[in-house]
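Here's the structure, in structure tokens; my notes come after.
Only the coordinates and a few stated rules stand behind these numbers; no lab work does. All values derive from a computational prediction rather than experimental measurement. Note that each Cβ is placed from the backbone with ideal geometry, even for glycine, and that neighbours are counted across all protein chains shown.
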Amino acid sequence: MPAQYPVPVFHFTVEWGGSRVGFSEVGGLTQENQAIEYRDGSFLEYSSIKMPGLRKFSNVTLKRGIVKGDNQFFKWLSTVKLNTVERRNLIISLLNEEHQPVMVWKVMNAFPVKVEGPALKASGNEVAIESIELAHEGLELQSE
């Protein structure tokens, strides 16, 4: 039986509802269950019990190189009005050598909360990167 190796992180796609889909980095694919602590006054133990509470999702951050004339991040951010916003579902796929999904994260009802331009530096020698931070209402992991 051949050895099983972990999948590298550098081959992925993001479907986000925009026309240009190339991203250089994705972060924040995190979810957690918050613990609720409770203690009844008649408990024999002098400590609380813990039980599962609400699920919490981190904001997702997408980064990409800036291309002249492409300001989709700012256009999406400008849809935020009082209690209204354009929401999008994202599909983030980690791919194998055959470009097939190995793991898929589905991000539900995402909307932008922050857009950040590049750090400009006169002596720099790197690509200008912009990022968008997205709040969302759920993260579902599917393993292929």
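Worth a mention:
- Simple spin-label estimate for ARG39 and GLU140 in nanometres, 7 Å along Cα-Cβ: 4.0 nm
- Size descriptor for segment 37-87, Kirkwood hydrodynamic radius: 16.3 Å (Cα pairs only, one decimal).
- Between the beta carbons of GLU25 and GLN4, assuming R0 = 22 Å, the FRET efficiency works out to 0.25 to the nearest 0.05.
- Within segment 9-29, backbone nitrogen closer than 14 Å to the virtual label 7 Å beyond the Cα of VAL102 toward Cβ: 9-13
- Between TYR46 and GLU126, the contour length at 0.36 nm per residue exceeds the alpha carbon distance by 23.1 nm.
- Computed over the Cα atoms of the chain, the ratio of the radius of gyration to the Kirkwood radius (Rg/Rh) comes to 1.11.
- Every helix of 4 or more DSSP H residues in the chain counts as -39500 (n - 2.57), and over all residues that averages to -1000 deg cm²/dmol at 222 nm.
- DSSP beta bridges in segment 78-144 [antiparallel fraction, %, rounded to 5]: 100 percent
- Centre separation in Å (Cα based) which lies between segment 28-47 and segment 77-144: 32 Å
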